[in-house]
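Structure, as structure tokens:
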Amino acid sequence: MSTIAETPPRGQAPRRMRIDGWRWGGRIFLVFMLLYTALPMAWMLITSIKSGFAAMQFPPQWWPDQPTLASYQKLLDPQNSVGQDFLRFFWNSLFVSTATTVLSVIVAVPAAYAFSRFTFPGRNFLFFTVLLRNMFPAVIFLVPLFILMRAIGLVNTHGSLVLTYLTFGLPLAIWLLKGFYDNIPVQLEQAARIDGATRFQAFILIVMPLSTPGIIATAIYSFIGAWNEYIYAYTFLSKNEQLTLPVGIQRFFSENTTDFPGLMAASFMMSVPVVVLFLVLQRYFVRALTEGAVKH
Amino acid sequence: MAHVVLKDLVKTYGGFKAVNEVSLTVNDGEFVALVGPSGCGKTTTLNLIAGLIPITSGDIVIGDQVVNDLDPKDRDIAMVFQNYALYPQKSVYMNLAFPLQMRKLPKAEIDKKVREAARVLDMTQLLERKPRELSGGQQQRVALGRALVRDPAVFLMDEPLSNLDAKLRVQMRSEIKRFHQDLKATIVYVTHDQLEAVTMADRMAVMNGGYLQQYDSPAQVFAHPANMFVASFVGSPAMSLIPLEASTANGDTVLKSAEGWSLQLSQRNARKAQSATTRKIVLGARHSTIKLHKSAVPGAIPAKAYTVEPTGDVTFVQALLSGAIVNISVSPNIAVKPDEQIWLEFDQERMHLFDGETEMALEAA
């Protein structure tokens, strides 16, 4: 009996070969993609612990003869001018990104809830206009927004960036969260209201905890978007003490010849908050993006 | 506990009237079923009582208070939902405690009441579980527990059994009935299943198209349906409705079929037929009131068997008569074959006559 089961019919053999071929092709492709994304980061890390001289050598040192943390020390030292600048840029970025994140959650949560639960005049139109903004490349708005910011006196303030990043991040945040609220049965709120909660309490006590993954995903998304943004920060800010990390790093190091280990150390430290944030919260992030697809 | 009064209740959505001047009284401690096909307005009516949607006009009274503009939380009601609506992030214990926490009861009292409710519903061992770790029947029980833990004035139940499998449904049906008997609770129960309404309710309100069709005890609704809709909706298999035409010849009233046969009416039924606004009369008969003969009998009407459905202790025969399907139940030892010639005898005492125009039941003048 088992011999019959173990011997596949003749016709099936070539098909299995073909499936294996695809599988190996897929694996090779994935390995290639992995190297493509991971190698630059690895090289960034390796370069950041080289000395300035070692970084320029050719053929390159795959692993530095004398690894050093000098670049990191220099960047994190508040006593020298390089460190002062870097730390200031870092705090600027942190401030802009955190403000963007907090505001976008504050705006997106009620907006998404309203789009999901209420019918009001202009609902579809408003929802479409929310999305409309994302259908154009960001650069298109650069000059108009700059003129606008100048008119309302926000050029050279962090407020101009926070406002701009909000307009970028909000549409997706509202979309993502609306999907979340759509998936929460309205009967839960009704039950809560009958059980003695006000409409607002029902939202805070029942709906909000259920949408935590969505809110976290939204927050990560806004934070990363604001943290990494370059072109608007470059355009809206000109004073050195206001610059955010992406602009600051670029400007700073082009001025001080090209200190590659320093640049790489700064880049690495710039990626740390995002990576840490993502690692800690990725569980929620993945859940947020797949929720609704397989629920119920 | 309290009584509930609906007075000329109306709910419109744009131009659509979902609930149309519904008036009914639910007495203190009474179990009332709102029953009707989907879209008949029964769930909307329940949501209006709960205060989950605003009423368009009319009045709702719970206890002695007009609650038209009160929030759900201030109406002293509890509701069991079709999908149970258990809070998924909370344990069973916290689900039961939530209504009490919202009313700011002291912790010790909450604990006492939750454990008492859990004991009554036999789920003490489930208190620490999350709703998703429970079976459908257990979830249903938690939903019931969350409703009764607070001792509300009125229980509202929106198709609480329809998500359960058939066997569990029958079991929970008797549990809810028992629950009503023990608590003397005022219950408004929405269902599309007339059998649930008939078996559980003290009175049933049959709704269709947003209108209240009839409001009476199940026995009365069954024996004296107010109109053709109620007649066909309540009872299974449905009452057979045969469209006929009344005519009077030398003192006798007969119902004539387009197929050529005619049925002579008893004096009482003749008076009923004469009270109609039209000559068109619809004859209604339940399966058990029709006698099936395998040979011609005086007064019996010839028909052809259409399908035969044995169910074990009774066999249902469908026959085509005057374009309508007629259900007859016969003893299983009577063998009937499809397309066989049969004769049907209607019970004059237990037949129903309806006005062909207004569709209302006809009464003897």
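Tabulated data
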{"read-out": "Gain on full stretching of the segment that runs from A:Gln250 to A:Ser81 - 0.36 nm per residue minus C-alpha separation", "value": "59.2 nm"}
{"read-out": "Cross-link table B:Lys280/B:Lys304; B:Lys42/B:Lys167; A:Lys178/B:Lys11; B:Lys113/B:Lys177; B:Lys42/B:Lys337; B:Lys42/B:Lys112, entries beyond 30 Å C-alpha to C-alpha", "value": "B:Lys42/B:Lys337; B:Lys42/B:Lys112"}
{"read-out": "Whole-number percent relative contact order across the stretch B:1-56, with pairs defined as alpha carbons under 8 Å at least 6 apart", "value": "34 percent"}
{"read-out": "Given chain A, longest segment not containing exposed loop chymotrypsin sites (Phe, Trp or Tyr not before Pro) (DSSP; at most 14 other Cβ within 10 Å)", "value": "A:119-229"}
{"read-out": "Computed [θ] at 222 nm, helices only, for the protein assembly as shown once each DSSP H run of length n ≥ 4 contributes -39500 (n - 2.57)", "value": "-15000 deg cm²/dmol"}
{"read-out": "For the stretch A:71-108 versus the stretch B:82-103, the gap between their alpha-carbon centres in whole angstrom", "value": "44 Å"}
{"read-out": "Selection from B:Pro310, B:Val330, B:Thr289, by position along the positive dipole direction of the stretch B:238-355 (Cβ)", "value": "B:Thr289"}
{"read-out": "Note, ³J(HN,Hα) from phi for the stretch A:110-126, Karplus 6.51, -1.76, 1.60, rounded to Hz, x at Gly and Pro", "value": "x, 5, 5, 4, 5, 4, 7, 9, 9, 9, 9, x, x, 4, 5, 4, 5"}
{"read-out": "Unit charges on C-beta of K, R, D, E only; dipole of the stretch A:77-290, Debye", "value": "660 debye"}
{"read-out": "Relative contact order %, chain A, counting alpha carbon pairs below 8 Å whose residues are six or more apart", "value": "28 percent"}
{"read-out": "Separation in nanometres of the label points that stand 7 Å from Cα toward Cβ, at B:Lys7 and A:Arg150", "value": "7.0 nm"}
{"read-out": "Backbone HN-Hα couplings from phi across the stretch A:241-249 [Karplus 6.51/-1.76/1.60, Hz, Gly and Pro as x]", "value": "6, 9, 4, 8, 3, x, 6, x, 4"}
{"read-out": "Within the stretch B:63-139, GluC sites (Glu not before Pro) in DSSP loop having at most 15 other beta-carbon neighbours inside 10 Å", "value": "B:Glu128"}
{"read-out": "Long-range HN-HN contacts of B:Glu340 with modeled amide H, under 5 Å", "value": "B:Ala305"}
{"read-out": "Cα→Cβ-extended label distance, 7 Å offset, between B:Leu183 and B:Thr277, nm", "value": "4.4 nm"}
{"read-out": "Sparse-neighbourhood loop sites, trypsin sites (Lys or Arg not before Pro) in the stretch A:183-242 - DSSP loop, at most 13 other Cβ within 10 angstrom", "value": "A:Lys239"}
{"read-out": "Proxy reagent accessibility, fewest Cβ within 10 Å first, across B:Met228, B:Met157, B:Met79, B:Met94", "value": "B:Met94, B:Met228, B:Met157, B:Met79"}
{"read-out": "Residues whose placed amide H lies under 5 Å from that of B:Leu164, excluding near-sequence neighbours", "value": "none"}
{"read-out": "Dipole-positive endmost among B:Ser232, B:Asn68, B:Leu9 within the stretch B:4-232 (Cβ charges, Cα centre)", "value": "B:Asn68"}
{"read-out": "Restricting the stretch B:101-144 to trypsin sites (Lys or Arg not before Pro) in coil, as DSSP defines it, with at most 16 other Cβ within 10 Å", "value": "B:Arg103, B:Lys104, B:Arg129"}
{"read-out": "Amide hydrogen neighbours beyond the local backbone of B:Val190, cut-off 5 Å, H modeled", "value": "B:Leu34, B:Met157, B:Asp158, B:Glu159"}
{"read-out": "Cα lying deepest toward the dipole's positive end in the protein assembly as shown, options A:Leu76, B:Leu320, B:Gly209, charges on Cβ", "value": "A:Leu76"}
{"read-out": "Note, ³J(HN,Hα) from phi for the stretch B:334-344, Karplus 6.51, -1.76, 1.60, rounded to Hz, x at Gly and Pro", "value": "8, 8, 10, 10, x, 6, 6, 6, 10, 10, 10"}
{"read-out": "Only Lys, Arg (+1) and Asp, Glu (-1) charged, at Cβ; the stretch B:20-130 dipole about Cα centre in debye", "value": "740 debye"}
{"read-out": "Alpha-carbon centroid distance for the pair the stretch B:209-273 / the stretch B:126-169, whole angstrom", "value": "41 Å"}
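Each value in this text was obtained by applying a stated rule to the coordinates, not by laboratory testing. Computed from a predicted model, the values in this text were never measured in an experiment. Note that we place each Cβ from the backbone using ideal geometry, even for glycine, and neighbour counts take in every protein chain shown.
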